[in-house]
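Computed from the coordinates by the stated procedures, all read-outs in this text should not be read as laboratory data. Remember, predicted model here, so these are calculated numbers, not experimental data. Cβ placement follows ideal geometry from the backbone for every residue including glycine, while neighbour counts extend to all protein chains displayed.
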Amino acid sequence: MSFVHIILLGMLIVCALAVSLTRHLLTSLIVYMAYSLIMAVIWMLMESPDLAITEAAVGAGITSILFFVTLKKIRAIREEGSHEQAEK
Amino acid sequence: MLQLLYENLEQTVAVILFGIGFTILLLQRNLIRKIIGLNIMDTAIYLFLASMGYISGRKAPIVVDGVTEVSAYINPIPAGLVLTGIVVSVSFTGILLALTVRLYRRYNTLDIDVIALLAKGEDA
Amino acid sequence: MSLVHNFPFFSILLCMVAGIFSSMLKKEAAKWVTLSVSLGVLVLSAFTLHLTLGLDDNYPFMMGHVPAPWGNEIRIGRLEALMATGVSAVLFLSLIAGFYHAPAFVSEQKTNLYCIMVDLALAAVLVLIYTNDLFTVYVFIEIMTIASCALVVVRQNGHTLVAITRYMIMHLFGSGLLLLGIAMLYGITGHLLMEPLGIAVRQLVLTGQYNGPLTVVIALITAGLAIKSAMFPFHGWAPDTYAFAPPLSSAILSGIISKAYIFVMIKFFYRVVGMELIISQQVHQFLFICGVAGMIIASVLAISQRDIRRMIAYSSVAQIGYVYMGLGMGNTAGVEAAVFQMLVHATVKSVLFLSTYELINVSGDRKRFRYLHGAGYRNVPAGIVFTFAAMSMVGIPFTGGFIVKLNLAISGMAFGGWVRALVLIALAMSTLLNAVYFLHTVVSIYRRPTQELVYPAVDPMPRYAAAAMLASLLLIVYLGVGSEPILQVIETGLKTFS
Amino acid sequence: MSKRRSDWQTRPQARIRKWFQQGFTALDDEIINQISQQTIQQPEVSQMMEAQREAMDTRRYERSLALERLERHELQAWVRTRGRKAIGRVYVALALAMAVLMIFFLLETVAHMPRFGDPNAPVTNEVTERYITRGVEETGAVNIVAGMILDYRAFDTLGESTVLFIAASAVLILLRIDRRKDGTPVQELIAAESDDRHYEPRADRILQGSVMVLTPIILLFGIYIILNGHLSPGGGFSGGAIISAGLILYLDAFGFDKAGRFFTYKTFAWVSFFSLSFYALAKAYSFYMGANGLPSGIPLGTPGAILSGGLIMPLNIAVGMVVSCTMYIFYALFRKGGL
């Protein structure tokens, strides 16, 4: 097992912990995205290119996009509420 | 035991990640973080599953130059299973996020405990 | 291979294709398609049952062109055919009795989506009943989870949203445990199909290799399925989900879907690890204790409910406790009683949820008991059906519930000491508690209503819905009177299981 | 409404700074207080009861009702007291203990699992051997993983595509906003659309220019991955995800008006319907033929050529279309509840 491999596995754990410990939701989403990318690299190292491509496209790509659009939607709903207040 | 764990480092890390994901799932009150925790839990299982198929020194299971020796390629089965699993988990992420949007639109919060309290006050 | 041998595969395919087609259909057409699919599956399963009764052993059906250890397959025996017939009959009757109030909980443009969910849930249940491959089990369990989530969430009020969020979290955790268990089992045996797995597991037990991981695998898969089928300490998601879902969805969820998980568990015990290993690893005792605790504690909780739907939901948890008690006895008679209880509970609970809806509906959509006074007079068929179903829950003779309790008691008598005592005490207590809350409900629906309450006039229930409910009633009585051949099928079916 | 627009146009830096500084943490803290303050200032309930169904759907009404009841039950008081904190602590401790216990048991198990990278592990058995040695001649696919998931274990993959389809339907149930019978949009839809217009970026030269260059490349790459699924890594799932990423990028740059020209709800429905029914029927044919011991009559072609692998390439295309449509509709539904 190469040195790079061990470092990547360590980073996975660091990322997973960071997701729950960061204060900002956006930060933890970006950390999760990094986690998925590291996972894709690990799968590349484990000779599973099919998985690497799928994880990079689905895990890091689509899942993160869905998370971001949800956050945006939530912000939209929240700001709508606060503006109604301001207009009153 | 530590020596054994080091030899199975992939699986060790997968199990630790599973535990972390599980803890996030139980302890985070924020729905979006809960969903991330679920995703971490799932990917941990996929890492565990994929590590079963790896055989050191062998190549990815794509036949090159007509070589069809067993000793040339790694095990293709875990890769196929994980592929299925990844798609299942992205579907679940989509549904859970849709639920989150619905709940937020109704209660203006992401905290599941507060949401449950607010719902309790509603008429059944 | 004759055409009838293909029927299980056709029934699965029929449901899946109907689900895909429903996405393009209009509201009424989708309803008709779903109804006819459930009828078609009923007919196909009945033919399969007839066929398998003539065969000595189960037969495999290859899903592909390569045989068992390499390709995927389903395996058809008489027990599977019996379950499929029972499930599709219950679904067919529930759909007739429950589809007419679909406009009350699902908007017109989403009715076809609702039908997709029903079709695919049935497909998933059928696959789980027939399949012989553990990874297929995982994939179709996920389909079932999504389908039941969508079935509940068509009614979007705060309660269903919160209940379903809890449901999803618990179920995804359960799926995680299940998949981890399957991954470990694959890692130590190298197989995914149940027959080769069974051989490999017995080999491992004999050689003493990987026995620690094997125990963990059994624990993980059992725990995952137990969470998903609302076994007692893991039932947290169930009452709210069943209570606040639309009545038809509650009937499908609690009547049919929760049974599929338990069927998979029985299959896993018999076909993969073997009952001897389960008994030597003491897993069955854990299930037994949980079942007994569930029977009593969930019944006590049911008594304390003020909302009739929550009461029935808790009683559902208690009834699942009966199944786990039978399963936990570990002898054939106990498992037989458990399988029979699955059939009885599927029939009774679905009709109970649907008739409760009718009673609530004629009481001005109010769920508390004191508003239900006189509901049995305002809707006579629903009142009769509810009363009879409640009698089956309590275990009055000539109903299915009586046979279940009798069989559980008989199989408990085979043991000595504390197991026998516990079985008898649990059955007696649970019967008493059931009687308390169901008789209370029956009395309150036939009580004279309080004067000052005004009940709005509602459209009477359509004739066909009443007929379907009465047909379910006949099914309950049949399960109570003509139970002998069914029990025999279960007994001989379980023998071909391992 | 107008205020928000002017805010967006005049002070983008201020908005961005606010966004960076506050982030989303406010969501976590003191939510009860926020909601109660907002609700106290809500407009009269009775004014909003024009059409009853829509009014019932309005969350303001629901929220105020919920809060009234909350106060009546004094739940809020309970939330503020220490009761919740104490229960919370016990729960946290229990959950942590459970997680640590579980990790410990699983680590104990991992130590006894077969070694990582061991060529003699139990997973290397006759199943793997046949997949590798005879996979190419039996399925015609050079990529053994593709051959395995679309031929040997095709039933699982059929289930997997069904998972995607059913997930899309579930999200439709959750988020799609109903139209009226005569086609006029309901109030909620109008609100969602105006809402979306605010958060959609303005016509941005740089973004649109780069998207004009990037989207075709991304789409081509996705198509390449799908079509080569049986020859090289990838296949329907990854290729479909890449295509949908390209579509989402286009939608983000040009907005719903332009994207709606080639992708509407009908496109989604028909494409997923056709590809899934093709998938199901093709697989049903091959299962039926396989189980009854009949030859399937599908030519496998020469392994390595683009037109080889029997049904694998058409199935990959079908899966790719389902995946890309599903992911795109997820995104569209999240943004404004419909296409």
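When you restrict to C-alpha pairs under 8 Å that are six or more residues apart and normalise by the size of chain A, the relative contact order lands at 22 percent.
To the nearest 0.05, how large is the calculated FRET efficiency for D:Ala305 and D:Phe274 if R₀ is 22 Å and r is the Cβ-Cβ distance?
On the way: r = 26 Å, r/R0 = 1.20.
Working from the Cβ atoms, E equals 0.25.
From least to most packed, judged by other beta carbons within 10 angstrom and beginning with the fewest, C:Leu433, B:Leu9, C:Leu453 follow the order C:Leu453, B:Leu9, C:Leu433.
Sorting C:His50, C:His345, C:His5 by the number of Cβ atoms found within 10 Å of their own Cβ, with the fewest placed first, yields C:His50, C:His5, C:His345. The Cβ shell under 13 Å around C:Trp70 holds other residues with a net charge of -4, Lys and Arg each +1, Asp and Glu each -1.
When C:Val477, C:Val90 are sorted by how many other C-beta atoms sit within 10 angstrom of their C-beta, beginning with the fewest, the order is C:Val477, C:Val90. The separation of the range D:297-339 from the range B:77-107, counted between C-alpha centres, amounts to 19 Å. With contacts taken as Cα pairs under 8 Å and at least 6 residues apart, chain C reaches a relative contact order of 15 percent. Note on the protein assembly as shown: dipole from Cβ charges, positive end direction compared against D:Gly310, D:Met98, C:Thr131; the farthest Cα belongs to D:Met98.
Could the peptides C:328-339, D:139-150 be put in order, highest first, of the mean number of other beta-carbon atoms found within 10 Å of their residues?
D:139-150, C:328-339
Other residues within the sphere of radius under 13 Å centred on the Cβ of D:Thr133, judged by their own Cβ, net out at -3 (K and R +1, D and E -1).
Annotation for the range A:51-80 versus the range C:62-123: alpha-carbon center distance of 33 Å. Of D:Leu214, C:Leu352, C:Leu13, which is farthest along the charge dipole of the protein assembly as shown in the positive direction, counting Lys and Arg as +1 and Asp and Glu as -1 at C-beta? Of the candidates, C:Leu352 comes out farthest on the positive side. Between the range C:323-396 and the range D:130-191, the alpha-carbon centres lie 37 Å apart.
Measuring r between the beta carbons of D:Tyr91 and D:Asn292 and using R0 = 60 Å, the FRET efficiency lands at 0.60. Which shape class, rounded, prolate or oblate, goes with the range A:3-87 when its Cα gyration tensor gives a ≥ b ≥ c as root eigenvalues, a/c under 1.5 marks rounded, and past that a/b bigger than b/c marks prolate? Oblate. Quick one: go through the range D:203-234 and flag any residue whose amide nitrogen is under 14 Å from the point 7 Å out along the Cα-to-Cβ line of B:Val64. Inside the label zone: D:232-233.
Take the alpha carbon gyration tensor of the range C:59-200, find the square roots of its eigenvalues, order them as a ≥ b ≥ c, and report rounded if a/c is under 1.5; if not, report prolate when a/b exceeds b/c, else oblate.
Numbers: a/c = 2.97, a/b = 1.63, b/c = 1.82.
Cα axes put the range C:59-200 in the oblate bin.
Per-residue packing, averaged as other Cβ atoms within 10 Å, sorts the ranges C:164-177, C:415-428, C:249-262 into the order C:249-262, C:164-177, C:415-428, beginning with the highest. Other residues within the sphere of radius under 15 Å centred on the Cβ of C:Ser38, judged by their own Cβ, net out at 0 (K and R +1, D and E -1). Which residues in the range C:340-364 place their backbone N less than 20 Å from a point set 7 Å from the Cα of C:Tyr455 along the Cα-to-Cβ direction? Correct set: C:352-364.
Checking the table B:Lys34/C:Lys110; C:Lys405/C:Lys495; A:Lys73/D:Lys258 against a 25 Å threshold on Cα-Cα, which pairs fail?
With Cα atoms farther than 25 Å apart: B:Lys34/C:Lys110.
Take the Cα of A:Val14, step 7 Å toward its Cβ, do the same at C:Val300, and the gap between the two points is 5.1 nm.
Evaluated with a Cβ-only charge set (Lys, Arg +1; Asp, Glu -1), chain A carries a dipole of roughly 300 debye about its Cα centre, given to the nearest 20.
With both labels modelled 7 Å from their Cα along Cα-to-Cβ, the D:Ile217 to C:Trp418 distance reads 7.1 nm. Counting only other chain Cβ atoms within 10 Å of each residue's Cβ, the peptide D:94-103 averages 4.
If you count, for every residue in C:162-172, the Cβ atoms of partner chains within 10 Å of its Cβ, what is the mean? Before the final figure, lay out the partial values.
Details: counts 12, 2, 6, 11, 2, 0, 7, 9, 1, 1, 11.
For peptide C:162-172, the averaged partner shielding equals 6.
Each of the peptides C:285-296, D:286-297 was scored by the mean count of other Cβ atoms within 10 Å over its residues; in descending order, highest first, they stand as C:285-296, D:286-297. Shielding value for C:9-22 is 4, the average number of Cβ atoms from other chains within 10 Å of each residue's Cβ.
Around the Cα centre of chain C, unit charges on the Cβ atoms of Lys, Arg, Asp and Glu (plus for the first two, minus for the last two) sum to a dipole of about 1200 debye. Semi-axes of the equivalent ellipsoid for chain C, computed as √(5λ) from the eigenvalues of its C-alpha gyration tensor and ordered from largest down, come to 35, 26, 21 Å.
Sorted from greatest to least, the principal axis extents spanned by the alpha carbons of the protein assembly as shown come out as 84, 78, 55 Å.
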